Each structure stands twice: as structure tokens, then as C-alpha cells.
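Peer 1: Could you have a look at this structure, given as C-alpha cells, before my questions?
Read-outs: derived from the displayed coordinates by stated rules, not from any lab. All of these numbers come straight from a predicted model, not from anything done at the bench. Positions of Cβ are generated from backbone atoms using ideal geometry, with glycine treated the same way; all protein chains shown enter the neighbour counts.
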Amino acid sequence: MTDRILEFLRNRRDDGPCLVVDLDVVRDNYLAFAKALPDTRVYYAVKANPDRQVLDLLVGLGSSFDTASVGEIEQVLAAGAGPERVSYGNTIKKERDIARAYELGVRLFAVDCEAEVEKIARVAPGSRVFCRILCSNNGAEWPLSRKFGCEPAMAVKVLELAHRLGLVAYGLSFHVGSQQRNPKSWDNALKAASAVFRDLAERGIGLQMVNLGGGFPAKYLKDVPAVKTYGQAIFRALRKHFGNRIPETIIEPGRGLVGNAGVIEAEVVLISQKSEGEKVRWVYLDIGKFNGLAETMDEMIRYPIRTPFDGDPMEPCVIAGPSCDSVDVLYEKEPYPLPISLEIGSKVLIEGTGAYTTTYSSVGFNGFAPLKSYVI
Ligand SMILES: *Cc1c(COP(=O)(O)O)cnc(C)c1O
């Protein structure tokens, strides 16, 4: 929460829930990453918040960009980044989208299997490819599934094929899981990566780059280690596993760059109980899973919520969204304490919502507008 955001909200016309992003916070975050990992290039994971003003700021600061689709590539190029600052980091791409990215000048692609390498060799000849490997997501509050990446032994084959087909077998990538609260999580993945580097070196293929992925946390209810601590842990792991031949490295922060820069203002629509005897109150907001808070899925991300009555006695509440879909409940398994004095019509501030909110908002499910966004 920043004074600039509070000031903006004081003067805003009341027209439904909205996200306000403070660019000063994004700038501070970017500079903190640059300082914590001085030899590492930052590729902002655009999907976290592709707002034009966020992209403009990051282009100006010298960031590069991790993109997942032709649409995202075009957004980044429109903001003024040259294609040499773009990585097409999705391992699942249509061949015609690869061809389009190549036409736009993109030369860096992610893969995790031989079929994807073959597509790239056909329509993006000579490009650099990095292979994503699976790694443990222990310690992450938003763990990723096995959807992306392959076992390290398979990565050796995938990159060998890339080399044989005239591509540059450039390196490896991994993602330790989003909202990763343990800075030591990079250690195991880097151990596996260094083994692949050695295997391929023995076959005459010299990899150059390790993409350390995202995973850097935003502060929600629990404290998280500072970016500096992550930088130190990662550098230590690089030294340990690569000795004095540390490869080129990149990071792809999404949540860690924009998460804490945003605040959502929402309104209490209804407070009710299910029976006379039941203590738990149901608090219904005008924002839910379908208009911005999708990351409350399985109650994984628990946002800090501020109310005008903070400091008053609290009571555990179930918090739910406004739509007529019964899965649109934010916190129920672990009820959320809110002030007893909270009223229908009260405004609440949901903090740490700069990442994965606007883009996860449906187009108009149930007639509720997509989440509005203001960048200041
Ligand atoms: C989503 C994504 C990221 C960003 O992850 P965060 O945990 O938000 O930092 C980075 N890299 C890739 C390939 C991604 O898909």
C-alpha cells in the first residue's frame, strides 16, 4: 500500500472494483532485482501484468521480456522493446506462431521435447533454444504441475537434436514454483542443470545459459525473504555447481516484480449467516474468482485485506465473490478474520494484487465487468 494509491482512491469515482498499480513500486522492484543479481538479465514475465504502462516503464529501465504468445510479443514490441529483448518462453507453440515470432525478429525459444525442436528448426532456422527441465516445487505456495519441462536426461537428447538441426543449443531453464518462499530451492535445480551442461560438453555441445525462471515471491500475509537473500542463495548455488565457469543467467520474475505494486479496492455487497446458531459470517464482495481473484483457487494465495474497521474485534468469516457460481468462494476452508463492525457497503483494500489479477479476469461472466485497472 502506498500513499499515492490511497490518494488516487480518495479521488476516484465509485464504479465497481478496480486495481491500482503504483509504477514507483515496480521501478523499485526492478532495481532491487538488478542489484541483487547484477550479472543476470531480467526478462519480465509479461503474463503477470501486461498493462502498457508497466511495459513502457520496464522497456525504459532496460528489461527484457518473457512472452507466451504472439499477442504478448506484439504488446512488448509495441512498447518499444526490440525483438532481441524477447524470449518466446512457452514450451507449447503452434508452428505458425513460431514462424510469426521469427518474422518479428525473435530468436530465442523455449522447448521441452523433440517435436517442439523440429517445429523451430523448420520455421525459425538458426535460432537459440533452451530446454526446460522439471524440478521440485517444494516450498512454493503456487506450485506448478508437470505440464512444462522434461527430465534432465531427456533434455540432453532434446538439445542434441537442436544442435543437429542447425539451431543453437543455448541452455536450460526451470521454474521452482511461483511464490517460492525458500531461496535455497534453486540449488537442486542448478545441480541438475550443471549435470546436463557436463553431459552435453562431453558430446561437444557447449551450453551457455541458465534461465533461473520466476518464483520470486510477493509479500501477502506472511513475510517473505528479501530479493537480496534470493540473489545470494542463487549465486552461492551457481558457484557450488558451476565452479568458476558460471554460465550466462537470466531470471523471469512476474509476481516478484509487480505483485506488491497493486491494490484492489472492492466493496462489501452482503454480510449474512446460514443459521441462527452458526458463528461464521459470510461476507460477499463485488470481486471474486471470475473478476480478478482467480489465484484464490484452492485458497492458495491469501491476500491481506484492509478495512475501515481494522483494530476492532475480529471474527472468522467466509469470503465469497458476487457471481452466481457456487465455486466463487475465496476463503472457506480456512475462514478469514474480519472486523465484526464491517458493514454492507464498506470498502475493503486487497493488497498484493498487482500480479495475476486483471489477466485472470473473465470477459463478463454473469454480467460482471472485467477488473478495471489504473496505473499511476
Ligand atoms: C509465469 C512464468 C514466470 C513468472 O513466474 P512468477 O512466479 O510469477 O515469477 C516465469 N517464467 C515462465 C516460463 C512462466 O511461465
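Peer 1: Taking the radius of gyration and the Kirkwood hydrodynamic radius from Cα positions alone, what is the Rg/Rh ratio for the chain, to two decimal places?
Peer 2: Details: Rg = 22.2 Å, Rh = 21.9 Å.
Radius of gyration relative to Kirkwood radius: 1.01.
Peer 1: Taking +1 at the Cβ of each Lys and Arg and -1 at the Cβ of each Asp and Glu, which of Val318, Ala266, Ser346 sits farthest along the dipole of segment 260-375 towards its positive end, judged by Cα position relative to the Cα centre?
Peer 2: Working it through, the farthest residue towards the positive pole turns out to be Ala266.
Peer 1: Among DSSP beta bridges lying fully in the chain, give the percent that are antiparallel, nearest 5.
Peer 2: On the way: 23 of 58 bridges.
About 40 percent, rounded to the nearest 5.
Peer 1: Rounded if a/c is under 1.5, else prolate if a/b beats b/c, else oblate: with a ≥ b ≥ c from the C-alpha gyration tensor eigenvalues square-rooted, which is segment 1-108?
Peer 2: Values: a/c = 2.80, a/b = 1.61, b/c = 1.74.
It is oblate, given that a/c is not under 1.5 and a/b is not larger than b/c.
Peer 1: Dividing the Cα convex hull volume of segment 146-231 by residue count, how many Å³ per residue is that?
Peer 2: Numbers: hull volume 8.7 nm³, N = 86.
Residue-normalised Cα hull volume stands at 102 Å³.
Peer 1: Counting other C-beta atoms within 10 Å, which of Glu276, Glu74 has the fewest, and how do the rest follow?
Peer 2: Values: Glu276 5, Glu74 14.
Least crowded to most crowded, the residues run Glu276, Glu74.
Peer 1: Follow-up question, since we're still on this one. Treating the beta-carbon of each Lys and Arg as +1 and of each Asp and Glu as -1, no other charges, what is the dipole magnitude of segment 50-253 about its Cα centre, to the nearest 20 debye? Provide the component values of the computation, followed by the final result.
Peer 2: Values: 27 positive and 22 negative charges, 111 e Å.
Charge dipole, segment 50-253, about its Cα centre: 540 debye, nearest 20.
Peer 1: Still on this model: Listing Cys324, Cys18 from the residue with the fewest other Cβ atoms within 10 Å to the one with the most, what is the order? The partial results should precede the final answer.
Peer 2: Details: Cys324 10, Cys18 21.
The order, fewest Cβ neighbours first, is Cys324, Cys18.
Peer 1: Given +1 on the Cβ of Lys and Arg, -1 on the Cβ of Asp and Glu, and no further charges, what dipole in debye does the chain carry about its Cα centre, rounded to the nearest 20? Working shown, then result.
Peer 2: On the way: 45 positive and 47 negative charges, 302 e Å.
Using only the charged Cβ atoms, the result is roughly 1460 debye.
Peer 1: Packing-wise, with mean Cβ within 10 Å as the measure, how do 124-133, 8-17 rank, highest first?
Peer 2: On the way: 124-133: 21.9, 8-17: 12.1.
Per-residue mean Cβ counts within 10 Å order the peptides as 124-133, 8-17.
Peer 1: What is the set of long-range amide H partners of Ser361 at a cut-off below 5 Å, with H atoms built 1.01 Å from backbone N?
Peer 2: Amide H neighbours of Ser361: none.
Peer 1: Oh, and also: Using Cβ counts within 10 Å as a stand-in for footprinting exposure, how do Trp142, Trp186 rank, fewest first?
Peer 2: Numbers: Trp142 18, Trp186 27.
Least to most surrounded, the residues fall as Trp142, Trp186.
Peer 1: Starting at the first residue of segment 127-136, write each ³J(HN,Hα) from the Karplus equation 6.51 cos²θ - 1.76 cosθ + 1.60 with θ = phi - 60°, in whole Hz, x for Gly and Pro.
Peer 2: 5, 8, 10, 10, 9, 7, 10, 6, 8, 5
Peer 1: Same structure again: Pairs Lys47/Lys191; Lys93/Lys228; Lys347/Lys372; Lys35/Lys219; Lys93/Lys219; Lys157/Lys228: which are spaced more than 24 Å apart, C-alpha to C-alpha? Mind showing how you got there, number by number?
Peer 2: Values: Lys47/Lys191 28 Å; Lys93/Lys228 34 Å; Lys347/Lys372 16 Å; Lys35/Lys219 19 Å; Lys93/Lys219 33 Å; Lys157/Lys228 35 Å.
Lys47/Lys191; Lys93/Lys228; Lys93/Lys219; Lys157/Lys228, as the Cα separations exceed 24 Å there.
Peer 1: Add +1 for every Lys or Arg and -1 for every Asp or Glu among the other residues with Cβ under 12 Å from the Cβ of Leu338, and state the total. Numbers along the way, then the final one.
Peer 2: Details: positive: Arg281, Arg306; negative: Asp310, Asp312, Glu315, Glu343.
Computed value for this residue: -2.
Peer 1: Another question about this same structure. Would you give the gap between the C-alpha center of segment 311-353 and the C-alpha center of segment 106-126, rounded to a whole Å?
Peer 2: 46 Å
Peer 1: Right, something else. Among rounded, prolate and oblate, which fits segment 74-137 when a ≥ b ≥ c are the square roots of the eigenvalues of its C-alpha gyration tensor, a/c under 1.5 means rounded, and a/b larger than b/c means prolate?
Peer 2: On the way: a/c = 2.16, a/b = 1.33, b/c = 1.63.
Judged from the Cα gyration tensor, segment 74-137 comes out oblate (a/c at least 1.5, b/c at or above a/b).
Peer 1: Something else: Can you find, among Gly139, Phe290, Ser127, the residue farthest towards the positive end of the dipole of the chain? Put +1 on the C-beta of Lys and Arg, -1 on that of Asp and Glu.
Peer 2: My answer, from the dipole projection, is Ser127.
Peer 1: Follow-up question, since we're still on this one. Where a ≥ b ≥ c are the square roots of the eigenvalues of the C-alpha gyration tensor, would you call segment 50-253 rounded, which needs a/c under 1.5, or, failing that, prolate if a/b is larger than b/c, or oblate? It would help to have the intermediate numbers written out before the result.
Peer 2: On the way: a/c = 1.72, a/b = 1.09, b/c = 1.58.
Judged from the Cα gyration tensor, segment 50-253 comes out oblate (a/c at least 1.5, b/c at or above a/b).
Peer 1: Would you mind counting up the charge near Arg236? Only other residues with Cβ under 13 Å from its Cβ, with Lys and Arg at +1 and Asp and Glu at -1. Mind showing how you got there, number by number?
Peer 2: On the way: positive: Lys184, Lys191, Lys228, Arg239, Lys240; negative: Asp187.
It works out to a net charge of +4.
Peer 1: Report the local net charge at Ala45: Lys and Arg +1, Asp and Glu -1, summed over other residues whose C-beta lies under 15 Å from its C-beta. Before the final figure, lay out each step's value.
Peer 2: Working: positive: Arg41, Lys47, Arg85, Arg132, Arg255; negative: Asp51, Asp66, Glu72, Glu252, Glu295.
Local charge sum for Ala45: 0.
Peer 1: Per DSSP helix of 4 or more residues, -39500 (n - 2.57); summed, then divided by the residues of the chain. What does that give at 222 nm, rounded to the nearest 500? Kindly include the intermediate steps, with their values, before the conclusion.
Peer 2: Values: 10 runs with 111 residues, N = 376.
Result for the chain: -9000 deg cm²/dmol, rounded to the nearest 500.
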